[in-house]
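Worksheet for the structure shown next.
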Amino acid sequence: MALYLFPLGMIQFFDDSGAPLNGGKLHSYQAGTTTPLATYHDVAGNTAHANPIVLDADGRPPAPIWLQADTRYKFVLKDSTDVELDQWDDVFGVQEGAAASEWAAGATPTFVDASNFTQQGDTTAVMHVNRRVKLTDASTLYGYISAASYSAGTNKTTVTVVRDSGDLSSSLTAVEYAFLAATNDSVPNLAVAVIPESSSTPGTPAAARITRFALAKGASTGVFGVDDQGLVAGLDAGFEVLAGGSAHALDKEAAGINAITPTATRIITLPTTGVRGGRIVRIINLASAQKVTIKSSDGTQLASFQDGHVTMMATQDTPTGSAHWIIIDRSGGGAPRFRAERTAVQNNITGVDKVEYNIALFDNNGDYDEVTNFRFTPTVPGVYQIAARMGWSSLTSGDLISIWVYKNGSNEEFSSLNVESTSGEEEMAVSALLEANGTTDYFEIFASNTGRDTSDVRAGGSVNLFGASWHGN
């Protein structure tokens with residue numbers, strides 16, 4: 001007889017006042033009944049416990065409690081005067097060294113035909129559409145459930161299975177179902193799209209490829225195959241890619257799926273139909289010469305980048321707008337950043353004037369205007385670190401000088417200095433952590449001198465710098 005250890009071990013019981021339950025009684029029954037069921041002192045099962053087990057002065061059982069294998073218990077705890085204090089039903093022992101299985105045993109199947117079997121009673125709660133199953137037949141078969149229906153007249157459930165390979169036969173003896181349900185499971189629903197760089201022409205994007213769809217839902221069966229020409233098998237409905245304005249629904253059931261060919265404009269529209277909250281989509285752009293724009297299904301731009309990746313998560317079922325997706329990770333060209341400088345003098349700072357940083361040292365998303373407005377308009381929503389530095393000239397002692405970070409034409413942060421130097425020159429810096437909506441919000445740097453009519457931005461790129469970087473949502 002196999003025995004497993006009581007899951008609470010040598011637990012110490014207490015009464016309601018917190019004192020050890022001296023003389024308490026622990027009754028053991030078959031689960032859901034009042035039929036006594038034996039427990040044992042050791043794994044060999046040589047000595048059965050008294051039923052009830054009487055606790056010692058410390059509120060502990062006199063020996064470890066071992067339970068019969070493959071058996072469910074109900075335990076009832078009483079004090080020494082038989083007043084019930086607590087109870088636990090459907091308790092089973094802990095199997096030492098046992099490996100957890102990814103399959104759970106289902107009701108005994110009865111063979112019908114190559115794709116169908118029946119089970120006694122209504123088993124549709126566990127035998128639901130898209131759940132993976134393992135079938136013990138002449139050989140072990142795997143597949144997923146495509147239909148399950150219960151008939152009250154026969155009190156049977158008919159289950160239809162799409163097999164990975166092989167057919168059911170009269171040798172069918174058992175069915176097991178995956179612990180993870182086909183809906184609302186605990187594993188993130190992850191899609192990864194890769195836009196590769198052509199090996200023959202550096203800087204030219206090749207056909208788009210989806211490299212992995214982990215635990216894909218709908219009619220798909222999981223991870224699917226790809227090749228350099230595009231999408232070939234196992235696709236999940238609902239993930240749509242727009243290439244040059246032409247929509248391609250990636251549907252496993254559709255015949256003759258074509259590769260998504262490279263174009264000057266690549267727009268990826270995030271899925272809506274069949275998507276539940278928690279789905280994670282990662283877009284990886286390896287085509288350094290081509291920018292990728294990601295949009296929600298209502299057409300709102302969420303990210304635009306090249307030579308990097310963006311990972312996004314749906315915040316609700318059937319996400320339709322930008323508010324229903326959040327960026328949870330990005331790197332490389334996917335994270336907007338720029339740095340600009342001014343090397344020449346900018347004369348006559350009067351009142352509050354914009355500083356014209358007119359040489360972009362780098363600007364990975366092309367979001368900084370170094371020609372006309374000298375402003376940073378990030379195309380990705382999120383929080384940005386904005387920082388600037390500038391050198392002054394033509395100052396006199398007593399001047400009050402300031403450098404300002406403006407957002408949408410209004411001051412958000414500033415740094416000020418009372419000039420005491422007689423050299424006529426100073427250097428200042430300012431920084432701010434600010435949010436941007438990714439569409440209309442923009443940032444500029446202004447300077448002011450309230451102590452006199454005019455002063456100048458000093459020449460020298462090393463002292464006149466303006467930059468920003470994306471810090472997340």
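The values are calculated or read from the model by the stated rules, or taken from the named source; none is laboratory data. Every value quoted in this text rests on a predicted model; they were computed, and no experiment measured them. Using ideal geometry, Cβ is built from the backbone for each residue, glycine included, and neighbour counts are taken over all protein chains shown.
One table, with the values for the structure above:
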read-out: Top-ranked residue in the range 430-443 [being among the β-branched types (V, I, T) and in a loop (DSSP other than H, G, I, E, B); ranked as surrounded by the most Cβ atoms within 10 Å (Cβ to Cβ)]; value: T439
read-out: Hits in the range 135-147 (condition: assigned to a strand (DSSP E or B) and either of a type in the set (A, V, I, L, M) or crowded, with 19+ Cβ neighbours inside 10 Å (or both)); value: L135, L141, G143, Y144, I145, A147
read-out: Members of the range 377-404 found to be at positive phi and part of a strand (DSSP E or B), listed by number; value: G382
read-out: Residue list for the range 1-26, filter: among the hydrophobic types (A, V, I, L, M, F, W, C) and outside any loop (DSSP other than H, G, I, E, B); value: L3, L5, F14, L26
read-out: Test for Y150: is it assigned by TED's automatic domain parsing to the domain that holds T173, part of a strand (DSSP E or B) and under 34 Å from the mean Cα position of the chain (by Cα); value: no
read-out: Some residue of the range 68-81 being among the hydrophobic types (A, V, I, L, M, F, W, C), modelled with pLDDT of 90 or more and either over 46 Å from the mean Cα position of the chain (by Cα) or surrounded by fewer than 14 Cβ atoms within 10 Å (Cβ to Cβ) (or both); value: no
read-out: Unique match (being modelled with pLDDT of 55 or more and farther than 14 Å from G106 by Cβ) among G143, G121, G153, G218; value: G153
read-out: Extreme residue, modelled with the lowest pLDDT, among residues of the range 338-380 that are charged (D, E, K, R) and within 30 Å of A323 (Cα to Cα); value: D363
read-out: Lone qualifier among Y150, Y142 - being farther than 19 Å from Q120 by Cβ and among the aromatic types (F, W, Y); value: Y142
read-out: Tabulated pairs, the range 56-76, first among the aliphatic types (A, V, I, L, M), second at pLDDT below 90, C-beta under 6 angstrom, 6+ apart or interchain; value: I65/F6; L67/Y4; L67/F6; L67/G93; A69/A2; A69/Y4
read-out: Answer from V352, V380, V345 - the residue that is assigned by TED's automatic domain parsing to the domain that holds A432, within 23 Å of the chain's Cα centre (by Cα) and of a type outside the set (G, A, S); value: V380
read-out: Given (1) of a type in the set (A, V, I, L, M); (2) buried (at least 16 other Cβ atoms within 10 Å of the Cβ); (3) farther than 19 Å from V463 by Cα, number of the condition A323 does not satisfy; value: (2)
read-out: Condition check for A114: part of a loop (DSSP other than H, G, I, E, B), of a type outside the set (D, E, K, R) and farther than 30 Å from V133 by Cβ; value: no
read-out: Candidates T154, T123, T118, filtered to the one that is under 25 Å from S171 (Cβ atoms), surrounded by fewer than 16 Cβ atoms within 10 Å (Cβ to Cβ) and not small (G, A, S); value: T154
read-out: Criterion violated by F111 - all others in (1) under 15 Å from S171 (Cβ atoms); (2) modelled with pLDDT under 90 satisfied; value: (2)
read-out: Every residue from the range 336-376 that is over 13 Å from G467 (Cα atoms) and assigned to a strand (DSSP E or B); value: Q346, V352, D353, K354
read-out: Residue selected from the range 411-429 under the condition of a type in the set (G, A, S) and not in a strand (DSSP E or B), by the criterion surrounded by the fewest Cβ atoms within 10 Å (Cβ to Cβ); value: S423
read-out: Residue in the range 164-173 that is touching a Pro at 6+ places or on another chain (Cβ under 7 Å) and in a loop (DSSP other than H, G, I, E, B) present; value: yes
read-out: Residue satisfying all of: in the range 27-54; surrounded by 13 or more Cβ atoms within 10 Å (Cβ to Cβ) and in a strand (DSSP E or B); farthest from the chain's Cα centre (by Cα) among these; value: V54
read-out: Count of residues meeting criterion [in a loop (DSSP other than H, G, I, E, B), in contact with a strand residue (DSSP E or B) (Cβ under 6 Å, 6 or more places away or on another chain) and surrounded by 14 or more Cβ atoms within 10 Å (Cβ to Cβ)] in the range 444-459; value: 3
